[in-house]
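This report refers to the structure that appears directly beneath it.
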Amino acid sequence: MEDIEKVGIIDFGSQYTQLIARRLRELGVYSEIYSPDDVEQVLNSRSLKGLILSGGPQEAHVDAQHLTVHQSETHIPILGICYGMQLLSVVSGGKVSSTHTREYGLQSVDLQIEDPLFRDLRADEQVWMSHGDSVTELGKGWETVARSGDGTVAAIRHKVRPQYGLQFHPEVTHTCSGERILSNFLDLCTCKRDWNAGCYITQAKEKIRKQVGTGRVISLVSGGVDSTVATLLCVEALGAEAVYPVYIDTGLMRAGETEQVRELLTSHGMDNLVCVDAKEEFLTALTGIADPEKKRTIIGDLFIKVLEREVAKLHGDSKDTFFCQGTLYTDLIESGHGCGKQAAVIKSHHNVNPPIIRAKREAGLIVEPNSGLFKDEVRRVAETLGVPHALAWRHPFPGPGLGIRVLGEVTPERVATLQQADKIYLEEIHAAGLYNAIWQAFAVLLPVQTVGVMGDKRTYGYVVALRAVTSQDGMTAEVFDFPHDVLGRISTRIVNEVDAVNRVVYDTTSKPPGTIEWE
Ligand code: XMP
């Protein structure tokens, strides 16, 4: 996208790099993320309006070769964040040291000099810090604009060039005026603020056309918003005749889901939907398996095996066929594939890791138009594409489905029990008008039995845990503050209507330290 005005983000391995890109999109500006090896190329781009240097796990005094003195002397506005600020300092002759105080979490900073970057901010601001190293000596031509309580340099500016360094992270929501600071930086870059979901769609279609050419695409649909958006983008880019939607019923879907998916896709004109009934295969493969990661691997591998079989039926040899997936940025980062080089594997998301997908990815045959987006951004793209509101804002549902919500061994009976409980839970949430206030709600079937009493008789039944969280992107989540009367109604209905269950509990763990799913 050489001709569109943009802000370049150099990714030094921060967990937050995509968050910076997301904030810029929210502020109406297009950005691209580059590797540190591309600084020279980025600076030579005609459409570059500004450059952001991300944070990262390296030590600036060791890794300063990431930026040359010549590059740092550009008159394009630069904002260095955390490691990025330290790099700007070291390159101009300053010193960074790890012996100074470490700062993690919320800190107060004093803004000491009035500056356009801090326009409309208070003299003392709450910011989010996450660093061990600090700038202990400023580089030539730089001055301090803010310090934190103990005197640590929190922000610097160049006396002549439009360049800044922030030790804290303006991109995370904990920095109260973070968005204001980024917006002020974009003003300094004289960026137009006209980037929106429509521009995103045009760009995504262009990318798909470039990638796929005259090829054909098998699109994996689940009925959720992510795969629907990915499929519709392919259809708009390539025409419906080049896209083959495939839906695999693993038997691990919610009650009535398969029928809904079929209806929805047909109503969107996809009359070539291949609906594969693989319930028995999945449940057989899961027999006797209780370990969460093993379950995820089995479900993911079998999913691909079934898919390959169906693809072969459709197209014979599938070597050149593209696969389209709804993978989001959060799926990639949690599986250790995000921009952050140090990103740790939390859970193996099943659309990211299987060998065949890896092979397709390496061969450039994976189409993932949502892979730079967060969930709420996909929802906005969905609405712009004309996807009905109820689908666009439907709660996320994980690829391995109820396989990771039936804790312990997955059996057909236990899946049926969970489906009943989950259906009641969602019905009551809708009835109470709470569905849109919750980011994700679902029931979990625990592999423990507890004693109860019903009609003067002892019962020994299973426990259902209810989960409901609010979140912006699934990376962090807060427990939903459920009205107790609604919780009470849900609990009574589940215990009365679902035979195997005699106890219902509510999960009060936020993320972190918990994850949203239980497995
Ligand atoms: P966790 O449990 O990691 O979940 O906090 C964050 C979000 O991701 C969803 N999730 C998945 N989605 N494949 C998916 O497509 C998966 O394997 C998977 N595991 C978790 C989860 O439902 C939540 O929305």
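The values are calculated or read from the model by the stated rules, or taken from the named source; none is laboratory data. Quick caveat, the model's predicted, so the values are computed rather than measured. With ideal geometry, Cβ positions are generated from the backbone for all residues, glycine too; neighbour counts draw on all protein chains shown. Heavy atoms of the whole protein, side chains included, go into the accessibility calculation; ligands, DNA and RNA do not. Shrake-Rupley method; radii C 1.70, N 1.55, O 1.52, S 1.80 Å.
Worth a mention:
- In percent, rounded to a whole number, the relative contact order of the chain is 11, using alpha-carbon pairs under 8 Å and six or more apart.
- Alpha-carbon centroid distance for the pair the range 411-441 / the range 1-41, whole angstrom: 39
- When shorter helices are ignored and each DSSP H run of at least 4 residues is given -39500 (n - 2.57), the per-residue value for the chain at 222 nm works out to -10000 deg cm²/dmol.
- Simple spin-label estimate for residue 113 and residue 432 gives 5.4 nm between the two label positions (7 Å along the Cα-to-Cβ direction from each Cα).
- Checked against a 19 Å cut-off, the cross-linked pairs 210/360; 207/319; 375/511; 279/319; 49/192; 6/207 give Cα-Cα distances beyond that limit for 207/319; 279/319.
- Applying 0.36 nm per residue to the separation of residue 309 and residue 380 and subtracting their alpha-carbon distance, the gain on full extension is 22.1 nm.
- Largest first, the extents of the alpha carbon coordinates of the range 66-123 on the three principal axes equal 35, 31, 16 Å.
- Of the residues 103, 293, the one with the largest accessible area comes first in the ranking 293, 103, computed with a 1.4 Å probe on protein heavy atoms.
- Relative to the longest principal axis of the Cα atoms of the chain, the long axis of helix 375-384 lies at roughly 80 degrees.
- If you bin all the Cα-Cα distances of the range 1-84 at 5 Å, starting from zero, the percentages per bin are 3, 14, 29, 27, 17, 8, 2, 0.
- Here residue 123 and residue 456 are evaluated by their C-beta separation; at R0 = 60 Å the FRET efficiency comes out at 0.30.
- In Å, descending, principal axis extents of the Cα set of the chain: 78, 60, 38
- On the basis of the beta-carbon distance and an R0 of 35 Å, residue 203 and residue 179 show a calculated FRET efficiency of 0.90.
- Heavy-atom accessible area order for 200, 460, largest first, 1.4 Å probe: 460, 200
- Taking every alpha-carbon pair under 8 Å whose residues sit at least 6 apart, the range 197-392 reaches a relative contact order of 26 percent.
- On full extension, the segment bounded by residue 214 and residue 262 gains 14.6 nm, given 0.36 nm per residue less the C-alpha separation.
- Whole-Å semi-axes of the ellipsoid equivalent to the range 6-188 (Cα gyration tensor, √5λ, descending): 21, 19, 15
- Packing, taken as the mean count of other beta carbons within 10 Å per residue, orders the peptides 422-435, 368-381 from highest to lowest as 368-381, 422-435.
- Accessible surface ranking for 283, 314, 328, 1.4 angstrom probe, highest first: 314, 283, 328.
- Counted over all Cα-Cα pairs of the range 139-195, pairs farther apart than 12 Å make up 71 percent.
- Nearest-ten-degree value, helix 178-188 long axis tilted from longest Cα axis of the chain: 50
- Alpha carbon centroid spacing (whole Å) that separates the range 277-313 from the range 385-408: 18
- Percent carbon-and-sulfur accessible area, the chain, ignoring ligands, DNA and RNA, probe 1.4 Å: 51
- Calculated log₁₀ intensity ratio I(q)/I(0) where the Debye formula runs over C-alpha points of the range 412-506, q = 0.12, 0.19 Å⁻¹: -0.39, -0.88
- Å² of accessible area per residue within the chain, as computed with a 1.4 Å probe and no ligands counted: 42
- Using the Cβ-Cβ distance between residue 137 and residue 26 with R0 = 22 Å, the FRET efficiency computed as 1/(1 + (r/R0)^6) comes to roughly 0.05.
- Label point distance in nm, residue 65-residue 277, each placed 7 Å from Cα along Cα→Cβ: 6.2
- Between helix 197-212 and the chain: long-axis angle, C-alpha atoms, 0 to 90°, nearest 10: 80
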